[in-house]
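These notes concern the structure reproduced below.
The values are calculated or read from the model by the stated rules, or taken from the named source; none is laboratory data. Treat the numbers as computed from the prediction; the structure is a model and nothing was measured. In this analysis, Cβ positions are derived from the backbone assuming ideal geometry, glycine residues included, and neighbour counts consider all displayed protein chains. Remember, those area values only see protein heavy atoms, side chains included, never the ligands or the DNA or RNA. Shrake-Rupley method; radii C 1.70, N 1.55, O 1.52, S 1.80 Å.
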Amino acid sequence: MANSAVIGSQWGDEGKAKVIDYLSEKSDIVVRYQGGANAGHTVIVDGKKFVFHMVPSGIISKDKICVIGNGVVFDAEQFLCEIDELASRGIDIEKRLFVSDIAHLVLPYHKIIDIAREEMLSKETGTKIGTTGKGIGPAYSDKSVRCGIRTGDLLDFDLFVKKFSEQYNEKKKMTEQFYGKKFDLSLSQTIENYRNIAKKITPLLTDTAYFLFEQDKKGKKLLFEGAQGTFLDIDHGTYPFVTSSNTSVGSVAAGSGMAASKISEIIGIVKVYTTRVGNGPFPTELFDEDGVNLQTIGGEKGATTGRPRRCGWFDSVLLRKSVQLNGFTKLAITKLDVLNTFKKIKICVKYEIDGKITEQFPSCVETFAKAKPIYEEFDGWQCSLDNCKSYDSLPKNAKIYLNRLKELCFGVDFCMVSIGPDRSQTIGM
Ligand code: GDP
Ligand code: IMO
Ligand code: MG
């Protein structure tokens, strides 16, 4: 069976969760493999809204198995909140949710340091990254420095207490002496809290890499749920205005333990305009009425932090780089309906940088910050898409827009077009 990965092609919030939910019908297992509770993944089914930060979006599809892989930085407190909410809404997770026993934990001190560092950056340099404050950078730092605490450490609680106490002292020193902030965390209370958390989490801990290997051998279809987007990738994104994991396709294998050769379909999620939360350059960002309309009509507000998302026209230079990095085999187009009322719509086809025209995305952020967009303009379709049930039935101008978008993205075929937030508002292809 072809296993598929779903990857955000832009700066996140492309509508990945909606696509995951749609594709999970034809899959057996949904796997998160990177990122943490910085993700905000929204699924709407029959008008009912679910927002996930830790739990894979496939969980609302009955009988599907969900896995949190080793590459995720696991926020146990957030995870348990989501499980409780699912239970209160009648969704049973019994025997269908597994957590890697070697995933690194995001602990309360990671969030304290994340916020303290942002405050310091803001004060001293005037520019912060604009993180979600969920402790992502500090947790991945500990993993790299090799002082992280993993989910499996909860199995031997005395060992967890030893490691946690050591880290607690180090982080307290760092917060108070380096960042000059109060370290507002009680050692004893946190340990007691984690004693309870451990009781709830440890039954779910699994060697998920082996589990996935076995399931794949049995012919089960795996669906890998990416978080964030390609330009938030720690290597290939607009560094330092990125997250702390690899968000492009390379991390599917590392973050799940599934061999790369077993992932044959790579689906890029492409929003028909561009958004970004947090700081960093954004050449097609709009500060006019069109920008406000994209934000308002598109409901562009962060699902994790509630911050308004910055909005701009579709950037095909960015997308071509995304196709190049990820090797997308299919594109899933989202939020086409948001453009319904626009008279004119633009696509950025090239950049002007220091007086030179280029179609190539610059790898260095300082150069990227100088990019001025060069646009092609399209007539809008100015009607509702509610009655469109097939690609052919889309308005003529919508097809002209999408055909050009496809041509600019190296002709990669579409597998679906999303025309509204609900599961039912989807044109499969
Ligand atoms: P993700 O992080 O990529 O999963 O995306 P988010 O859930 O953060 O943000 C996408 C937002 O757009 C959510 O509020 C979705 O309900 C909504 N959405 C997804 N697809 C569509 C669509 O085709 N049209 C409209 N209008 N909204 C959509
Ligand atoms: P989903 O999965 C959009 C952004 C933050 C910030 C930068 C670093 O919902 O698409 P972090 O907390 O990760 O250290 O913040 O990355 N960011 C996202 N932007 N969607 C996301 O996830 C994001 N996760 C992180 O806004 O600019
Ligand atoms: Mg999101």
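Amide H neighbours of Phe74 under 5 Å, at least 5 residues apart or on other chains, H built in the peptide plane: list them.
Sorted by chain and number, the residues that satisfy this are His104, Leu105, Val106.
To the nearest 10 square angstrom, what accessible area does Trp11 show with a 1.4 Å probe?
10
Which of rounded, prolate or oblate describes region 1-155 when judged by the alpha-carbon gyration tensor and an a/c cut-off of 1.5?
Numbers: a/c = 1.91, a/b = 1.53, b/c = 1.25.
Cα axes put region 1-155 in the prolate bin.
If packing is taken as the average count of other Cβ atoms within 10 Å, what order do 84-95, 347-358 fall into, highest mean first?
Details: 84-95: 11.1, 347-358: 15.1.
Packing order, densest peptide first, comes out as 347-358, 84-95.
How compact and how long is region 144-280, expressed as Rg and Dmax of its alpha-carbon atoms in Å?
For region 144-280, the Cα radius of gyration and maximum Cα-Cα distance read 19.4, 55 Å.
Report the full-extension gain for the segment Glu289 to Asn403: residue separation times 0.36 nm, less the Cα-Cα distance, to one decimal in nm. If you can, show how the numbers build up before the last one.
Values: separation 114, 0.36 × 114 = 41.04 nm, distance 2.60 nm.
My answer for the length gained is 38.4 nm.
Give the shape of region 259-361 as rounded, prolate or oblate, defined through the alpha-carbon gyration tensor: a ≥ b ≥ c are the square roots of its eigenvalues, a/c under 1.5 means rounded, and otherwise the shape is prolate if a/b is larger than b/c and oblate if not.
Working: a/c = 1.73, a/b = 1.24, b/c = 1.39.
Verdict is oblate for region 259-361.
Would you mind working out the accessible area per residue for region 71-171, using a 1.4 Å probe, and quoting it in Å²? Spell out each step's value before the answer.
Values: 4690 Å² over 101 residues.
Spelled out: the 1.4 Å probe surface of region 71-171, per residue, equals 46 Å².
Need one number: convex hull volume per residue for region 365-429, Cα atoms only, in Å³. Could you put the intermediate results ahead of the total?
Values: hull volume 9.2 nm³, N = 65.
Here the figure is 141 Å³ per residue.
Per residue of the chain, what 222 nm ellipticity follows from adding -39500 (n - 2.57) for every DSSP H run with n ≥ 4, rounded to the nearest 500?
Details: 12 runs with 135 residues, N = 429.
Value at 222 nm, helices only, nearest 500: -9500 deg cm²/dmol.
So, in Å, what gap is there between the alpha-carbon centers of region 372-429 and region 54-126?
The two parts, judged by their Cα centres, are 33 Å apart.
Stick to the Cα atoms of region 192-270, pair each with every other, and give me the Kirkwood hydrodynamic radius in Å at one decimal.
Numbers: mean 1/r = 0.0673 Å⁻¹.
With all distinct Cα pairs of region 192-270 included, I get 14.8 Å.
For region 291-323 and region 252-267, write down the distance between their C-alpha centroids in whole Å.
What the calculation gives is 27 Å, centre to centre.
Taking only Cα atoms, what is the 0 to 90° angle, nearest 10, from helix 396-408's long axis to the longest principal axis of the chain?
60
Run the accessible area of region 31-95 with a 1.4 Å probe and give the carbon-and-sulfur part as a rounded percent.
On the way: 1120 of 2370 Å².
Within region 31-95, the accessible surface is 47 percent carbon and sulfur.
When DSSP beta bridges are limited to those with both residues in region 1-138, what percentage is antiparallel, rounded to the nearest 5?
Values: 5 of 14 bridges.
Counting only bridges with both partners in region 1-138, antiparallel ones make up about 35 percent.
Report the Rg/Rh value for the chain, based on alpha-carbon coordinates and the Kirkwood definition of Rh. Don't jump to the answer; show the numbers that get you there.
Values: Rg = 21.6 Å, Rh = 22.3 Å.
Radius of gyration over Kirkwood radius for the chain works out to 0.97.
Taking springs between alpha-carbon atoms closer than 10 angstrom, which of Val323, Val73, Val145 fluctuates most in the Gaussian network model of the chain?
Most flexible of the set in this elastic network: Val145.
Net charge within 12 Å of Glu124 by Cβ-Cβ distance, Lys/Arg positive one each and Asp/Glu negative one each, not counting Glu124 itself? Don't jump to the answer; show the numbers that get you there.
Numbers: positive: Arg117, Lys123, Lys128; negative: Glu118, Glu119.
Net local charge, Glu124 excluded: +1.
Given the peptides 279-287, 129-137, arrange them by the average over their residues of other C-beta atoms within 10 Å, most packed first.
On the way: 279-287: 18.4, 129-137: 22.0.
Highest-to-lowest ranking by the protection proxy: 129-137, 279-287.
How many percent of the alpha carbon pairs in region 71-207 exceed a separation of 24 Å? Don't jump to the answer; show the numbers that get you there.
Working: 3137 of 9316 pairs.
The proportion of pairs with Cα distances above 24 Å equals 34 percent.
Taking θ as phi - 60°, what are the ³J(HN,Hα) couplings along region 318-326 by the Karplus curve (6.51, -1.76, 1.60), each to the nearest whole Hz, with x for Gly and Pro?
Values, residue by residue: 4, 5, 4, 5, 5, 5, 4, 6, 9 Hz.
Give me the mean projected area, in nm² to one decimal, of the convex hull enclosing the Cα positions of region 151-212.
Numbers: hull surface 21.4 nm².
Its average projected convex-hull area is 5.3 nm².
Let me check I've understood the local charge: for Ile93, count other residues with C-beta under 13 angstrom from its C-beta, Lys and Arg +1, Asp and Glu -1. What total comes out? Each step should come with its number before you reach the end.
Numbers: positive: Lys62, Lys64, Arg89, Lys95, Arg96, Lys200; negative: Asp63, Glu82, Asp84, Glu85, Asp92, Glu94.
Net of charged neighbours comes to 0.
Counting other Cβ atoms within 10 Å of each Cβ, which trypsin sites (Lys or Arg not before Pro) in region 1-80 have at most 16 and sit in a DSSP loop?
Numbers: sites: Lys16, Lys18, Lys26, Arg32, Lys48, Lys49, Lys62, Lys64; in loops: Lys26, Lys62, Lys64.
Answer in residue order: Lys26, Lys62.
Once R0 is set to 60 Å, what does the formula 1/(1 + (r/R0)^6) return for the Cβ-Cβ distance between Lys356 and Cys147, expressed as a FRET efficiency to the nearest 0.05? Could the numbers behind the result be given before it?
Working: r = 46 Å, r/R0 = 0.76.
It comes out at approximately 0.85.
Using Cα springs under 10 Å in a Gaussian network model of the chain, which residue among Gln189, Gln382, Gln324 shows the largest mean-square fluctuation?
Result: Gln189 has the largest fluctuation of those listed.
Subtracting the Cα-Cα distance from 0.36 nm times the residue separation, let me have the gained length for Leu187 to Lys396 in nm, one decimal.
Details: separation 209, 0.36 × 209 = 75.24 nm, distance 6.30 nm.
Contour length minus the Cα-Cα distance gives 68.9 nm.
For region 1-60, what is Rg from Cα atoms divided by 2.2 N^0.38 Å, rounded to two decimals? Mind showing how you got there, number by number?
Numbers: Rg = 11.2 Å, N = 60, 2.2 N^0.38 = 10.4 Å.
The value comes to 1.07.
Checking the a/c ratio against 1.5 first, then a/b against b/c, what shape does the Cα gyration tensor give for region 83-163?
Working: a/c = 2.97, a/b = 1.50, b/c = 1.98.
Oblate is the answer for region 83-163, as a/c is 1.5 or above yet b/c matches or exceeds a/b.
Go ahead and run the numbers for FRET between Glu118 and Leu80, Cβ-Cβ distance against an R0 of 30 Å, rounding to 0.05. Each step should come with its number before you reach the end.
Details: r = 26 Å, r/R0 = 0.86.
Using R0 = 30 Å, I get an efficiency of 0.70.
Provide the per-residue ³J(HN,Hα) series for region 237-242, in order, calculated from phi with Karplus coefficients 6.51, -1.76, 1.60 and θ = phi - 60°, each as a whole number of Hz, with x at glycine and proline positions.
x, 8, 4, x, 8, 9
Let me check the size of region 309-429 from its C-alpha atoms; what are the radius of gyration and Dmax in Å?
Reported Rg and Dmax, both Å: 15.4, 47.
For Ile374 and Ser264 in the same chain, what is the full-extension length gain: residue separation times 0.36 nm, less their Cα-Cα distance, in nm?
Numbers: separation 110, 0.36 × 110 = 39.60 nm, distance 3.47 nm.
Answer, rounded to one decimal: 36.1 nm.
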